[in-house]
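Heads up: the structure comes next, in structure tokens.
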Amino acid sequence: MHPREKPQVKPVFGKSVDDLRTEWDRIALVRQQQMATGNDLSYQHVLLPSILETLDGCELTRVLDVGCGTGEPTKALATISEWIVGVDVSRRSIEIAQSVQHQLPNVSFYADTVENFARKWTGPAFTSAVANMTLMTCLNLRSLVGSIAKLLMPGGHLVASITHPWFWPHYWQYANADWFRYDKEIVLEAPFGISKDQTHYTTTHVHRPFSSYTQTLSEMGFVIDRIFEPYPNESIQSLYPERWDFPRFLVFRAISQRSTLQRSG
Ligand SMILES: C[S@@+](CC[C@H](N)C(=O)[O-])C[C@H]1O[C@@H](n2cnc3c(N)ncnc32)[C@H](O)[C@@H]1O
């Protein structure tokens, strides 16, 4: 396949959380290897550095890793956090995270949806939350962001990265498909790929216009205090099989304005 040719992306209907779990279970080992070996260039050189930089100034006493996958970001965040909890709906990803990261004393993992975790959690509120490439994979943004708000202390930060809502459809070449509308939420299925490794494992992501994110965050009591489009420098660009013609991701930081009283709701 020519590097510029992306595998077919198609809209799908009726996806459930169980479907999502099965998809991320199937690809879990491959994802862990892609990330641990440095093969996932964007994670290694663009997303993780952006997340770490954006966490500067956030309180890192108790950190929640939202949709932590196989725990690679959790492991990196453990070096700067007093205590970190990773939650992911994929049981296989959590098994891998536990087996690879078990030697870290300040890390705990839970296999569940973040929504269920928020209903059950009786521990102290988290001081910060990180969601690396999770918000565009969840099926219900409102319930996920609402659960994060419930788990965070008032004044706590959420730092998140997402695929760029405007440029990703161009990058993956579905912006001109007859079914695509930028202003609509569309659940999409495609074989998972990174620049250096196209797999045959299907995963789901949800196209949402950027206004869906800002509106949902605002409704759940968050105020965005930082937002940027990370771009690799020339030496990082040269590692990629194709140049970045435009930004591929968005990174933002939002602060929870919810009061302690609202937390119990
Ligand atoms: C693209 S992966 C990113 C994983 C990890 N953050 C990383 O950087 O490697 C998205 C992850 O979000 C998880 N996920 C999606 N919706 C979720 C939810 N509502 N609760 C928990 N995990 C969820 C998926 O299972 C998947 O592992």
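Assessment of segment 171-182 against the conditions (outside any loop (DSSP other than H, G, I, E, B) and surrounded by 15 or more Cβ atoms within 10 Å (Cβ to Cβ)) yields at least one matching residue. You will find that of 211, 218, 256, the residue that is in contact with a strand residue (DSSP E or B) (Cβ under 6 Å, 6 or more places away or on another chain), modelled with pLDDT of 95 or more and among the polar types (S, T, N, Q) is 256 and no other. So the check is Cβ under 7 Å with 6+ separation or different chains; which pairs have a first residue in segment 157-176 that's free of Cβ contacts under 8 Å to residues at least 60 places away in the same chain and a second one that's of a type in the set (A, V, I, L, M)? As it stands, the answer is 169/175, since those pairs meet every condition given. There is at least one residue in segment 123-145 that is in a strand (DSSP E or B), among the small types (Gly, Ala, Ser), in contact with a helix residue (DSSP H, G or I) (Cβ under 6 Å, 6 or more places away or on another chain) and within 15 Å of the ligand (Cβ to nearest atom). Between 54, 61, 74, the distinction of being in contact with a Phe, Trp or Tyr (Cβ under 9 Å, 6 or more places away or on another chain) and within 13 Å of the ligand (Cβ to nearest atom) belongs to 74 only.
One line per residue, one yes/no per condition, for (1) farther than 20 Å from residue 204 by Cα; (2) not in a helix (DSSP H, G or I):
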| position | (1), (2) |
| --- | --- |
| 14 | no, yes |
| 24 | no, no |
| 31 | no, no |
| 63 | yes, yes |
| 93 | no, no |
| 100 | yes, no |
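The set of residues in segment 203-233 that are under 25 Å from residue 173 (Cβ atoms) and not in a strand (DSSP E or B) comprises 208, 209, 210, 211, 212, 213, 229, 230, 231, 232.
Against the conditions (1) within 12 Å of the ligand (Cβ to nearest atom); (2) buried (at least 17 other Cβ atoms within 10 Å of the Cβ); (3) over 18 Å from the mean Cα position of the chain (by Cα), residue 27 satisfies every one except (3). Within segment 95-111, is even one residue buried (at least 24 other Cβ atoms within 10 Å of the Cβ) and not β-branched (Val, Ile, Thr)? For segment 95-111, residues buried (at least 24 other Cβ atoms within 10 Å of the Cβ) and not β-branched (Val, Ile, Thr): present. Output the residue which, of all residues in segment 2-24 that are among the hydrophobic types (A, V, I, L, M, F, W, C) and near the ligand (Cβ under 10 Å from one of its atoms), is nearest to residue 93 (Cα to Cα). Filtering first and then ranking leaves 24. Any chance you could count how many residues in segment 11-50 are at pLDDT below 95 and of a type in the set (D, E, K, R)? Within segment 11-50, residues that are at pLDDT below 95 and of a type in the set (D, E, K, R) number 2. Check off (1) under 17 Å from residue 190 (Cβ atoms); (2) near the ligand (Cβ under 10 Å from one of its atoms) for residue 87 and give me the number that stays unchecked. If we test residue 87 against (1) under 17 Å from residue 190 (Cβ atoms); (2) near the ligand (Cβ under 10 Å from one of its atoms), just (1) comes out false. Scanning segment 35-51 for residues that are within 10 Å of the ligand (Cβ to nearest atom), touching a helix residue (DSSP H, G or I) at 6+ places or on another chain (Cβ under 8 Å) and in a helix (DSSP H, G or I) yields a count of 4.
Test residue 102 against the criterion of being away from the ligand (no atom under 15 Å from the Cβ), closer than 21 Å to residue 71 by Cα and at pLDDT 95 or above, and give yes or no. Taking the combined requirement at face value, the residue does not satisfy it. Does segment 53-71 contain at least one residue that is without any contact (Cβ under 8 Å) to a residue 12 or more places away in the chain, of a type in the set (S, T, N, Q) and either surrounded by fewer than 24 Cβ atoms within 10 Å (Cβ to Cβ) or closer than 16 Å to residue 232 by Cβ (or both)? No.
The values are calculated or read from the model by the stated rules, or taken from the named source; none is laboratory data. These numbers come from a predicted model, not from an experiment. Here the Cβ is made from the backbone with ideal geometry for all residues, glycine too, and neighbour counts use every protein chain on show.
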